[in-house]
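Structure record follows, encoded as C-alpha cells.
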Amino acid sequence: MADEITKTGGADNANWKRDVETLEQASPQYQSPTLANARAMDPAHRARVEKSMKRKLDARCALFIILYIMNYLDRNNIAAARLRGLQTDLMLDDTQYSTCLSILYVGYILMQVPSNILINRISRPSWYIAAAMMVWGVISTLSGITHNFTGMVLTRFFLGFIEAAFLPGALMILSKWYTRRELTTRNAILFCGNLISNAFSALIGAGVLSNMQGVLGHAAWRWLFWIEGAITMFFAITAAIILPDLPSNSRGFTAEELEVAQLRMLEDVGEADEDSKDQGVFSGFNMAIKDSKIYVMSLTFTAYVVGLSFNAFFPTLTGTLGFDYVPTLLMSAPPWVFSCIVSVINAWHADRTQEKFWHIVGPICVGLVGFVISMSSLNTAARYIALFLQASSYAGFIVFYSWISSSFPRPPAKRAVAIAFINAFSQLGNVAGSYVWNLKDNGYRKSYGIVTSMFGVTIVGCFLFRIMLTRLNKKLEAGEQAWVAQPDVTEHTAKMEGMEHPDEALKMVKGFRYLV
C-alpha cells in the first residue's frame, strides 16, 4: 500500500481511486476474525500474550544460531583442512584450491531465488529448511572421501546449491514474525552463528586435526569433514521439531499468541503480511526486478562481500604471524568472539535508534583501519590487533541484511525474492574474493589493497541508497497530506472498513517510513 502511495503522491482522483481499490482488495485481511479477536483484547492482556509469544519465539529461533554455525562450518572447514594437508593430498595448485572455494558460490547463487520463491509458498518452512540441512550434511561428509580436484569441485558445488536454502529462508521466517524495530537485533543474534562458527571452526579444527591423524588409516582433514557433517545431520532432525513456521499456523503457540503475532505485523507496516490470492508463482519476482532499489543494494552488497572475503582465508592470514598450525587455529578464534559482541551491540543500537546507514558505515571504517595496519606494519602484535578490527567489520554486514527486509516490507512474495536476489547476487563477491587472496607477496599487501577499495565502494553505495530512501520518504509524506486533503476518499475507506471514525482509515498507511 505504501508503494501505491509513493507512486501516486495524490496526483489526481484517478490515482486515489486506485488506492481505494487497493484497500478494498486488502479489506478481507483487515476484517479477518483472527485480527478482530486480537484488536478486541484488553491492552494489558494483549501485552501479556505478546510477551509470552515473543519469549517462545525467541527460544525457538535461537536454534537458528546453531544451524548457521553448522552452515558455515561445513562451508569453510576446507580452510582449516588446508593447513593439515588437504591441498597436498588432493594435488591441488593454488588456482585449483581457489576454484574449489569459488565453485560453492556458483551453486549458492543458482538456487537462492528459486528456493525463496518456494519457501514463501509452503506452509511448513521449518521442514523445508530441515530437509535441506540433512542433504547438505550428507554432502559435507562426502567431501571427506574425495581424492582429486574433480571430486572436491563437485561436492563443493552441490554443497553450495543446497546450503542456499538456509540463510534467505531463515531471514524470511524472521521477517514474518518480528517487526522492523525488532528485526535487526534478531538478525544480529542469527549472524552470531556465522561469527561464532569462525571461532568454532578454528577450535574444532585444532582438536580434530591434531588428534585424528591416521585414525583408521585416514588423514585428519578427512575426519574433520565426517565429524562436522554428522553433527549437521543431527541438528537437521532437531530443526524439523523446534523451528517455527508461520504466524498463522505455527505449532507450540496458543491461538491468542498467533492472533497477536499477525496483528503486530499488520500494525508495523500498515498492511497484512500476506500475499494476494491471485498472485502467481513469479509475481514476487516480477515486482522485485522492477524496483530499482534492488539493483543498488545488490551492487553495494557485492562490494561489501568482496571486502569481507578475508573470512574464508582467516586461518591463512593468522598464519602470517609466524606460528605453528595449532596456535594459528587457536589464535583465529578470539577476533570472531570480539566481532560477535560488537555486532550484537551495534545491531541493538540500530534497532533502538531505527537508523541504518551509520550502523553499517561505522563498522566498515573500523575494518578499513585494520586493513591499513595489515598493509603497513610487520609488527606481530599490530597485525593481530588488525585481525580483530577486520573481523568487527561484520557488524555492519548484519545491519545491512535487516536494511534489505525493511526496504522491501510488502508483499511477502516480493520481500522473499528481494532477500534472495540480493544475497545471491552478492555471492559473486565471494567468487571474486576466492582469487583476491592469491596475492601472497608482502603479507598479502595487494590483497588488502583490493578489499580496502571495495569497502570504499560499499560506503558510496550505502550513501546513494540512503538518498533514494530519503526521497521515497518525502513522497510518502506528501501522500499522507493528500489523504488528509481528500475527506471523501477517507470517509469511503472508513465505511468500507466498518470504522467508527474516518481518521482510523489513515492508520493503515500513516506513519510508514523507510528506515535510513
Item to check | Residues of segment 319-342 with amide N under 15 Å of the 7 Å Cα→Cβ point at ILE65 | outcome: 337-342
Next on the checklist: Per 0.36 nm of contour for each residue apart, how much would the distance between HIS218 and ILE145 grow if the chain were fully extended, relative to their Cα-Cα spacing?
Outcome noted: 25.3 nm
Checklist entry - What is the distance in Å between the Cα centres of segment 370-414 and segment 285-323? => result 9
Next on the checklist: Let me check I've understood the local charge: for PHE200, count other residues with C-beta under 15 angstrom from its C-beta, Lys and Arg +1, Asp and Glu -1. What total comes out?
Outcome noted: -1
Item to check | For segment 312-437, the fraction of alpha-carbon pairs in successive 5 Å shells from zero, as % | outcome: 2, 10, 16, 18, 19, 15, 10, 6, 3, 1, 0
Next on the checklist: Could you tell me the ratio Rg/Rh of segment 134-189? Both radii from Cα atoms, Rh via Kirkwood.
Outcome noted: 1.22
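Once you have the Cα-Cα distance between ALA131 and LEU464, take 0.36 nm times their residue separation minus that, and quote the gain in nm to one decimal. All intermediate terms of the calculation are to be shown ahead of the outcome.
Working: separation 333, 0.36 × 333 = 119.88 nm, distance 3.94 nm.
Extending this stretch completely gives an extra 115.9 nm.
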Checklist entry - Per residue, how much accessible area does segment 61-215 show when a 1.4 Å probe rolls over the protein heavy atoms, in square angstrom? => result 31
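Direction-averaged shadow area of the convex hull around the Cα atoms of segment 317-384, nm²? Show your work: numbers first, answer last.
Values: hull surface 19.7 nm².
Reported value for the Cα convex hull: 4.9 nm².
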Checklist entry - How much of the accessible area of segment 134-183, in percent, comes from carbon and sulfur atoms when a 1.4 Å probe is used? => result 78
Checklist entry - How far apart, in nm, are the 7 Å Cα→Cβ label points at THR254 and GLU267? => result 1.7
Checklist entry - Is any residue of segment 313-343 close enough, with backbone N under 18 Å, to a label point placed 7 angstrom from the Cα of ALA381 along the Cα-Cβ axis, and if so, which? => result 321-323, 335
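Want the number for ASP58 to THR238: 0.36 nm per residue separation, take away the alpha-carbon distance, what's left?
On the way: separation 180, 0.36 × 180 = 64.80 nm, distance 1.60 nm.
Length gained, ASP58 through THR238: 63.2 nm.
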Checklist outcome for this item: For segment 43-108, the accessible surface attributable to carbon and sulfur atoms (probe 1.4 angstrom, ligands and nucleic acids excluded) amounts in percent to 59
Next on the checklist: I need the calculated FRET efficiency for the pair ASN286 and LEU118, taking r as the beta carbon distance and R₀ as 25 Å, to the nearest 0.05.
Outcome noted: 0.95
Checklist entry - For the residue pair ALA40 and MET91, what label-to-label distance in nm results when each label sits 7 Å from Cα along the Cα-to-beta-carbon direction? => result 7.6
Checklist outcome for this item: Here D for segment 364-420, in µm²/s, from Stokes-Einstein with a Kirkwood Rh over Cα pairs at 4 °C and 1.567 mPa s, works out to 99
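Applying a 10 Å radius around every beta-carbon, put 428-434, 254-260 in order of their mean neighbour count, most first. Please list the in-between numbers first.
Working: 428-434: 21.7, 254-260: 19.1.
Ranking the peptides 428-434, 254-260 by packing returns 428-434, 254-260.
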Next on the checklist: I need the peptides 307-319, 52-64 ranked by packing, meaning the mean over residues of other C-beta atoms within 10 angstrom, with the highest value on top.
Outcome noted: 307-319, 52-64
Checklist entry - In whole percent, how big is the carbon plus sulfur part of the accessible area of segment 285-387, probe 1.4 Å, protein atoms only? => result 74
Checklist entry - Where does the charge balance sit around LEU439 when Lys and Arg score +1, Asp and Glu -1, over other residues with C-beta under 11 Å from its C-beta? => result +1
Checklist entry - Looking at segment 94-251, what % of the alpha carbon pairs are farther apart than 29 Å? => result 24
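Just add up the charged neighbours of VAL296: K/R +1, D/E -1, any other residue whose Cβ is under 15 Å from the Cβ of VAL296. Working shown, then result.
On the way: positive: LYS290, LYS293, LYS356, ARG466, ARG471; negative: ASP291.
Local charge sum for VAL296: +4.
The values are calculated or read from the model by the stated rules, or taken from the named source; none is laboratory data. Predicted model, so just to flag it, every value in this text is computed and none were measured. When we count neighbours, we look across all protein chains shown, and the Cβ atoms used for this are built from the backbone with ideal geometry, even at glycine. Just so you know, the surface numbers come from the protein's heavy atoms only, side chains and all, with ligands and any DNA or RNA stripped out. Shrake-Rupley method; radii C 1.70, N 1.55, O 1.52, S 1.80 Å.
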